[in-house]
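Participant: Please read through the structure below; I'll follow up with questions.
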Amino acid sequence: MSDTGGKIAVAEKSVSVEGADYSAAPLKPTKAIMDLWKRIHGDMRQEFGEAIFRSWLKPLVLQAYYHGTMEVSVPTRFMRDWIQNHYAERILEMCQQANEEVKRLQIVVVQNAIIDDFEMDGAVQTLANESSANENLKREIEEISSPLDARFKFENFVVGKPNALAHAAARRVVETDSIPFNPLFIYGGVGLGKTHLMHAIAHQIKEQSPEKTVMYLSAEKFMYQFVRALRANETINFKEVFRSVDVLMMDDIQFIAGKESTQEEFFHTFNALVDQNKQIIISADKSPSDLTGIDERLRSRLAWGLVADIHPTTYDLRLGILQSKRAQLEANVPDSVLEFLALKVTSNIREMEGALNRIVAHADVASQEITLESTQEVLQDLLRAHDRRITIDEIQRKVAEHFNLRLTDMHSSRRARNVARPRQIAMYLAKQLTSRSLPEIGRKFGGRDHTTVMHAVRKVEELIDADAQIAQDTDVIRRALTG
Ligand code: ADP
Ligand code: MG
């Protein structure tokens, strides 16, 4: 190694420099060097600007000077690397301009720096030793991390066709020691179990590897933390915390759509963690390619690992979840009520669970048995609100589709059986699935009289009992509409 030309060295400990003979302890800097450093340190504020100075350079402390090497310390490895890559060259130049004897700038990590009599103005030293620094990081991770719902565990997650892939992927993440895919990206509509699965992963990792640090938070919270750190000039700490986790889980990443600086920060965090082979798990309401408002390079990164979607629930899955929930609640709920809920409350699982909780609570308070009738009564508002979501137009379209008819056949006066029967089924479904009155329904079917509608409803009810084909057709269409 020649002493000519500036050289910037990196080392873990304060005395090791590649190849050279530094068996002698580094010298305490002379007064002249201390003064030089003091001046240069002050100049950095001017040179790099206040924000950079406060975030990165202020903590630099002169530790030693030997054979043309200025050895300065920072409290963390991450800071060292950052300064190394961004500012070290210029700092060395500044030192050399002031004193050409200086050949090298060595940045070292000193977590337990001793504040000596040559402590510089503004050179903040951390007194924490390594283990308590880790403890501090751990505590901060815990503080930022959102609490986990104790009920959202794997054992309470009912697996069915719509969520089988996401569930299998989640299990793989916790069951393998290596990182099976990075990131794991789970997406699906509201209330389909994304958060439940993420919490289940976090619970499981914490249980089987308590030494691991798991950061779980929503993208909204990530943004909030980031903005707060920016305002408080604490971005170094922010970066340090997020880059030190073993597992990063970010829920609902669609929230940072359009938030450019937050995305940028997340992108860097993401890359830093992937580089360190740390597991990342992300959820969203859409697939990476459909996440509008998210930067292209981030979107493509998000799709690097495994992308698992959760599909809308099926009747079977809804019933399975209700059965599991009934067992958890230890409530006496007849099967017919569960079936009714699985059929009626199809929009999302959260709402369906809410409905079950309500009827259980109501029965408890009123000291009544739960029956189909009491359920309908208790859930009146919910069911009505839900029914309103299906329109007569939709029903007509689905029925026409199912029977291979034109939509106009729903309004026409044709009486041929192959047209009239499906039309009656559509009227029946309109009565069942919407809150429209008979005259309203009649109007929607080419201005028919309400008695015609009533007749159709009765007729189809009879046929459902008597004719298996009609029962099946009606059921298929109903499920298509409600599922
Ligand atoms: P998302 O995050 O996709 O909006 P959540 O994970 O918050 O949805 O799920 C909503 C509710 O539904 C939660 O109470 C959750 O426990 C429940 N849930 C969702 N999927 C399942 C499932 N497969 N088994 C049991 N409960 C589920
Ligand atoms: Mg969620």
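Participant: Post the alpha-carbon centroid distance, region 234-279 to region 305-360, in whole angstrom.
Facilitator: Between the Cα centre of region 234-279 and that of region 305-360, the gap is 34 Å.
Participant: Each residue of region 439-451 in turn: what ³J(HN,Hα) in whole Hz from Karplus with 6.51, -1.76, 1.60 and θ = phi - 60°, glycine and Pro shown as x?
Facilitator: Those phi angles translate into x, 4, 5, x, 4, 5, 9, x, x, 7, 6, 5, 5 Hz.
Participant: Among THR375, THR292, what's the order by accessible area (1.4 angstrom probe), most exposed first? List each step's numbers first, then the result.
Facilitator: Numbers: THR375 0, THR292 110 Å².
Largest accessible area first, the residues go THR292, THR375.
Participant: Moving on. Specify which residue in the list MET44, ILE425, MET352 is farthest towards the positive end of the charge dipole of the chain, using unit charges on the beta carbon of Lys, Arg (+1) and Asp, Glu (-1), about the Cα centre.
Facilitator: ILE425
Participant: Right, next: Can you give the net charge of the other residues whose Cβ lies under 15 Å from the Cβ of GLU265, counting K and R as +1 and D and E as -1?
Facilitator: Working: positive: LYS221, ARG228, ARG231, LYS239, ARG243, LYS259, ARG297, ARG301; negative: GLU220, GLU234, GLU240, GLU260, GLU264, ASP295.
Overall, the nearby charge balance is +2.
Participant: For ARG358 and ALA32, compute 0.36 nm times the residue count separating them, minus their Cα-Cα distance, and round to one decimal in nm.
Facilitator: Numbers: separation 326, 0.36 × 326 = 117.36 nm, distance 7.79 nm.
This chain segment gains 109.6 nm when fully extended.
Participant: I've got another one for you. Under 20 Å from the 7 Å Cα→Cβ point of VAL227, by amide nitrogen: which residues of region 266-282?
Facilitator: Answer for this model: 266-269.
Participant: How charged is the neighbourhood of MET79? Take every other residue with its Cβ under 12 Å from the Cβ of MET79, and add Lys/Arg as +1 and Asp/Glu as -1.
Facilitator: On the way: positive: LYS58, ARG77, ARG80, LYS239, ARG243; negative: ASP81, GLU240.
After counting each charged neighbour, the total is +3.
Participant: Please report the orientation-averaged projected area of region 319-388, defined via the convex hull of its C-alpha atoms, in nm². Could the numbers behind the result be given before it?
Facilitator: Numbers: hull surface 16.5 nm².
Dividing the Cα hull surface by four gives the mean projection, 4.1 nm².
Participant: Right, another one. Just the number: Rg to Rh for region 392-482, Cα atoms, Kirkwood Rh, two decimals. Please list the in-between numbers first.
Facilitator: Details: Rg = 11.6 Å, Rh = 12.7 Å.
The Rg/Rh ratio comes out at 0.91.
Participant: From the phi angles alone, apply the Karplus equation (6.51, -1.76, 1.60; θ = phi - 60°) to region 310-317 and give each ³J(HN,Hα) in whole Hz, x where the residue is Gly or Pro.
Facilitator: Those phi angles translate into 10, 7, x, 5, 9, 4, 4, 5 Hz.
Participant: Which of the aspartates and glutamates could be linked to LYS278 by a straight reach, that is with a Cα gap under 13 Å, when you skip same-chain ones fewer than 8 residues away?
Facilitator: Partners found: ASP177, ASP246.
Participant: Let me ask something else about it. Let me have the relative contact order for region 311-430, percent, based on Cα pairs under 8 Å that are six or more residues apart. Walk me through the numbers on the way to the answer.
Facilitator: Values: 83 pairs, mean separation 22.5, N = 120.
Contact order relative to length: 19 percent.
Participant: If you don't mind, another one. Return the calculated 222 nm mean residue ellipticity for the chain, to the nearest 500 deg cm²/dmol, obtained by summing -39500 (n - 2.57) across DSSP H runs with n ≥ 4 and dividing by the residue count. Walk me through the numbers before you get to the answer.
Facilitator: On the way: 20 runs with 251 residues, N = 483.
Result for the chain, helices only: -16500 deg cm²/dmol.
Participant: If you don't mind, another one. About its Cα centre, how strong a charge dipole does the chain have in debye, to the nearest 20, once Lys and Arg get +1 and Asp and Glu get -1 at the Cβ?
Facilitator: Numbers: 61 positive and 68 negative charges, 445 e Å.
The dipole of the chain has a size of about 2140 debye.
Participant: Here's another thing I want to ask about it. Of LYS212/LYS286; LYS38/LYS58; LYS194/LYS344; LYS398/LYS444, which pairs sit farther than 18 Å apart, going by alpha carbon to alpha carbon? Working shown, then result.
Facilitator: Details: LYS212/LYS286 29 Å; LYS38/LYS58 11 Å; LYS194/LYS344 22 Å; LYS398/LYS444 15 Å.
Correct reply: LYS212/LYS286; LYS194/LYS344.
Participant: Taking the Cβ-Cβ separation of SER367 and ALA468 as r and a Förster radius of 35 Å, what is the calculated FRET efficiency to the nearest 0.05?
Facilitator: Numbers: r = 41 Å, r/R0 = 1.18.
Approximately 0.30, to the nearest 0.05.
Participant: Subtracting the Cα-Cα distance from 0.36 nm times the residue separation, let me have the gained length for ALA272 to ASP81 in nm, one decimal.
Facilitator: Details: separation 191, 0.36 × 191 = 68.76 nm, distance 1.20 nm.
So the extension gain works out to 67.6 nm.
Participant: So, one more: By the scheme Lys and Arg +1, Asp and Glu -1, what is the net charge of all other residues having a beta-carbon under 11 Å from that of SER287?
Facilitator: Details: positive: LYS286, ARG299; negative: ASP285, ASP290, ASP309.
Every neighbour counted, the sum reads -1.
Participant: Enumerate the amide H contacts of SER73 below 5 Å, restricted to partners 5 or more residues apart or on another chain; note that Pro and chain-start residues carry no placed amide H.
Facilitator: Amide H to amide H, under 5 Å and 5 or more residues apart or across chains, SER73 pairs with VAL61, LEU62, GLN63, VAL108.
Participant: Size of the dipole of region 144-310 about the Cα centre, Lys and Arg at +1 and Asp and Glu at -1 on the beta carbon, nothing else charged, in debye to 20? Walk me through the numbers before you get to the answer.
Facilitator: Numbers: 19 positive and 21 negative charges, 31 e Å.
Around 140 debye, computed over region 144-310.
Participant: Can you list the HN-Hα couplings for region 323-329, worked out from phi with the Karplus curve (6.51, -1.76, 1.60; θ = phi - 60°), rounded to whole Hz and with x for Gly and Pro?
Facilitator: Values, residue by residue: 5, 5, 5, 4, 5, 4, 6 Hz.
Participant: So how far, in whole Å, is the C-alpha centre of region 154-221 from the one of region 458-480?
Facilitator: Between the Cα centres of region 154-221 and region 458-480 lies a distance of 41 Å.
Participant: Let me ask something else about it. Which whole-number percent is the relative contact order of region 319-388 (Cα, under 8 Å, 6+ apart)? Each step should come with its number before you reach the end.
Facilitator: Details: 48 pairs, mean separation 22.8, N = 70.
Relative CO of region 319-388 lands at 33 percent.
Participant: Expressed as an acute angle from 0 to 90° and rounded to the nearest 10, what is the orientation of the C-alpha long axis of helix 130-144 relative to the principal long axis of the chain?
Facilitator: 30 degrees
The values are calculated or read from the model by the stated rules, or taken from the named source; none is laboratory data. Bear in mind that the values here come from a model prediction, so they are computed numbers and not experimental data. FYI the Cβ positions are ideal-geometry reconstructions off the backbone, even for glycines, and counts take in every protein chain you see. All accessible areas refer to the heavy atoms of the entire protein, side chains included, with ligands and DNA or RNA removed. Shrake-Rupley method; radii C 1.70, N 1.55, O 1.52, S 1.80 Å.
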